[in-house]
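Input: a single structure, listed below in structure tokens.
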Amino acid sequence: MGPLDTLNHLLNFLAPAAAMAVLMVLGARLLGWKSNAYRATWAQAAIQFAVGSAVLLAGLVLLGRDGKMATYAALVLACATCQWAMCKSWRG
């Protein structure tokens, strides 16, 4: 496997974490959640991406292969918990 194939596999492995990070942050903004003033949108997305990547890696190590539904369920749960922890209160 060449370097471009390796890069392609890595990007495809991390794509769900990146998508969840962007959707969680934008969804929180759309729903009106206020975040802490010191956390910018890009910083929240970076934190979400780090958490999601760690969950995907843990799922790969623990379950032995990529793409299991349990890993994706854990990804959603971890990202939702992380976003909830980063937001203070509901604006409504």
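Rule-based calculations on the coordinates, nothing more; no lab input. Keep in mind that this is a model prediction, so the values were computed, not measured. Positions of Cβ are backbone-derived with ideal geometry, glycine not excepted, and every protein chain shown enters the neighbour counts.
Observations, loosely collected:
- For A43 and R65, the FRET efficiency from 1/(1 + (r/R0)^6), where r spans their Cβ atoms and R0 equals 41 Å, is about 0.80.
- Couplings for the range 46-56, taken from phi via the Karplus curve 6.51 cos²θ - 1.76 cosθ + 1.60 with θ = phi - 60°, read 5, 5, 4, 5, 5, 5, x, 5, 5, 5, 5 Hz in order; Gly and Pro are left as x.
- Gained length - Y72 relative to T6, 0.36 nm times residue gap less alpha-carbon distance: 21.6 nm
- Principal-axis analysis of the Cα atoms of the chain puts helix 69-86 at an angle of about 30° to the longest axis.
- Simple label model, 7 Å out from Cα along Cβ direction - A85 to L23, nm: 2.1
- Axis angle, to the nearest 10 degrees, between helix 3-31 and the longest C-alpha principal axis of the chain: 20 degrees.
- Magnitude of the charge dipole, the chain, Cβ model with Lys/Arg +1 and Asp/Glu -1, debye to 20: 460
- With contacts taken as Cα pairs under 8 Å and at least 6 residues apart, the chain reaches a relative contact order of 39 percent.
- Listed residues A54, A43, A28, most fluctuating in the chain (Gaussian network, C-alpha, under 10 Å): A43
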